[in-house]
Structure formats: structure tokens, C-alpha cells
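Accompanying notes for the structure given below.
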Amino acid sequence: MIDLYYWPTPNGHKITLFLEEAALDYTLRPVNIGKGEQFAPDYLAISPNNKMPAIVDHAPADGGDPISVFESGAILLYLANKTRQFLPADVRGHTIVNEWLFWQMGGLGPMTGQYGHFTVYAPEKIPYAIERYTKETLRLLGVLDQRLAGRAFIAGDEYTIADMACYPWINPYTKAPLDLAPFANVRRWHAAIAARPATIRAYARGPEVSPQGGAPLSDEEKRVLFGQGPR
């Protein structure tokens with residue numbers, strides 16, 4: 001029913017988390033971003049920003065032609081609206097989930113990504129950049145920790161797409177681990193999600209397409225991933 005164009009990155013994991021939780025039929029379509037497969041014309045037709053993930057839904061709710069969706073946050077919203085799962089129906093709960101989904105898309109993901117780039121992948125260590133993004137990532141973890149105080153999940157008692165969006169971006173760089181000791185609520189929440197059977201299944205999909213996941217990037221892979229300008 002759904003083709004998932006995927007590589008095992010934090011943004012890719014967001015979508016397998018949803019698909020496994022919702023028990024939807026889907027087919028993985030690997031997009032090897034280190035080899036530049038995200039620039040293939042067929043892929044750009046559904047993901048014009050040449051990023052991963054993207055989906056094609058061959059059975060949309062309106063019964064019409066297949067619908068393609070790019071951007072991980074947009075995909076989560078699309079799937080939640082399609083299935084009516086993991087997104088509260090009431091206006092207040094819906095609004096809270098949207099707030100924290102966009103918080104992740106605009107803050108936690110980009111800032112943690114820059115932290116990872118300058119601490120793990122950059123060809124030279126730039127102290128200002130490392131300090132800047134380390135502090136901002138820790139600040140955001142503090143915001144999330146406060147939000148989770150007294151709550152099982154970000155929006156309250158129910159697991160939602162806000163949790164699925166944030167979970168993969170908690171300390172994703174094994175070569176540059178952050179100190180999570182000050183964030184007891186984040187650690188408790190993260191452990192609870194990690195133990196969910198759907199989470200275990202979702203993360204098991206990564207080695208299926210990238211058995212060498214976590215290996216150091218080659219110079220060519222870095223050029224493909226980090227050296228792009230206007231095309």
C-alpha cells in the first residue's frame with residue numbers, strides 16, 4: 001500500500017516507527033544517500049528537496065491516484081490523518097501535538113544535526129561551532145525534560161507522532177554522546193519508547209538496507225552529503 005523511500009537516519013526512523021506502530025503494509029525502497037541516490041530524477045519527482053524520507057501512498061483516502069509526500073513531519077501528519085491514529089481528535093490535543101512536532105522539525109532535529117556535523121563529520125574542529133550547537137542541543141533537551149515532567153509522553157498519557165518525531169533525535173551520534181544525566185524525564189521517556197515492540201521492529205529495518213550502518217563516511221560520501229550547492 002505504501003512505498004517508503006528510506007535510509008536509516010533519525011528522520012527515516014520516524015516513519016518506520018509510525019508504520020510499525022500502525023501495522024500498515026509498506027515496502028522499503030532504499031535510498032542510499034551516501035551514493036547520491038537521492039538525486040536520481042525518479043526520486044526528485046517525489047522529493048524535490050533531494051532529502052529522505054518520502055512516501056508514496058498507493059491507496060489514498062480519496063481513492064484517487066497515488067499521493068507522494070516528502071518531509072518527515074509532513075509524512076507523520078499525513079499518516080496520522082489517514083489512519084486516525086497517534087494524533088488526538090480534539091482541537092486542544094491536536095494543537096499540542098502539532099506544536100511539539102514543529103518544535104522538533106524546527107529545533108531539536110536541525111540543532112542536533114548541526115551538533116553532529118561539527119563534532120563528528122566536519123573536516124576541521126571549529127570550537128565556536130561545537131560550543132554553539134552543543135549548548136543549543138542541551139538547551140532543547142532541557143525544554144523537553146521540563147515538558148515531560150509528570151507526563152508519560154509529550155502530549156500527555158497517549159503516545160503520538162510528537163513522540164515519534166523526537167525520539168530518534170535523542171543522542172543519535174554514538175561517536176559524540178551527550179550527557180543525558182541531567183535529563184531524568186527524557187531518559188525515562190526514551191527508555192519507555194525504546195522498549196515498545198514496534199520501536200524494536202522499526203530499528204531492525206535499518207540493518208536490512210545498510211548492514212554497515214555506523215561505519216565512517218568515506219571522502220566521496222562526505223562530498224555527496226555535505227558538498228552540494230544549487231543544482
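The values are calculated or read from the model by the stated rules, or taken from the named source; none is laboratory data. In this text, all values refer to a predicted model and were calculated from it rather than measured experimentally. Virtual Cβ from ideal backbone geometry, glycine too; neighbours counted across all protein chains shown.
Some values worked out for this structure:
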{"quantity": "Filter pass, residue 192 being surrounded by fewer than 17 Cβ atoms within 10 Å (Cβ to Cβ), closer than 30 Å to residue 220 by Cβ and small (Gly, Ala, Ser)", "calculated": "no"}
{"quantity": "Residue match in region 187-197 (condition: part of a loop (DSSP other than H, G, I, E, B), farther than 27 Å from residue 225 by Cα and either in contact (Cβ under 8 Å) with a residue 40 or more places away in the chain or out of contact with any Asp or Glu (no Cβ under 8 Å at 6 or more places or on another chain) (or both))", "calculated": "yes"}
{"quantity": "Condition broken by residue 169, with the remaining ones in (1) assigned by TED's automatic domain parsing to the domain that holds residue 117; (2) of a type outside the set (Gly, Ala, Ser); (3) exposed (fewer than 15 other Cβ atoms within 10 Å of the Cβ) satisfied", "calculated": "(3)"}
{"quantity": "Helices (runs of 4 or more DSSP H) contained entirely in region 1-99, each with at least 3 residues that are without any contact (Cβ under 8 Å) to a residue 60 or more places away in the chain and either outside the structural domain of residue 109 (by TED's automatic domain parsing) or crowded, with 18+ Cβ neighbours inside 10 Å (or both)", "calculated": "41-44, 72-83"}
{"quantity": "Single unsatisfied condition, residue 228 versus (1) surrounded by 18 or more Cβ atoms within 10 Å (Cβ to Cβ); (2) outside any helix (DSSP H, G or I)", "calculated": "(1)"}
{"quantity": "Qualifying residue in region 167-184 (condition: closer than 17 Å to residue 96 by Cα and touching a helix residue (DSSP H, G or I) at 6+ places or on another chain (Cβ under 7 Å))", "calculated": "yes"}
{"quantity": "All positions within region 100-130 that are more than 18 Å from residue 72 (Cα to Cα), touching a residue at least 12 places away in the same chain (Cβ under 8 Å) and among the aromatic types (Phe, Trp, Tyr)", "calculated": "115, 118, 121"}
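Table: residues versus (1) free of Cβ contacts under 8 Å to residues at least 12 places away in the same chain; (2) closer than 19 Å to residue 93 by Cα; (3) in a helix (DSSP H, G or I).
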| residue | (1), (2), (3) |
| --- | --- |
| 139 | yes, no, yes |
| 158 | no, yes, no |
| 166 | no, yes, yes |
| 174 | no, no, no |
| 182 | no, no, no |
| 185 | no, no, yes |
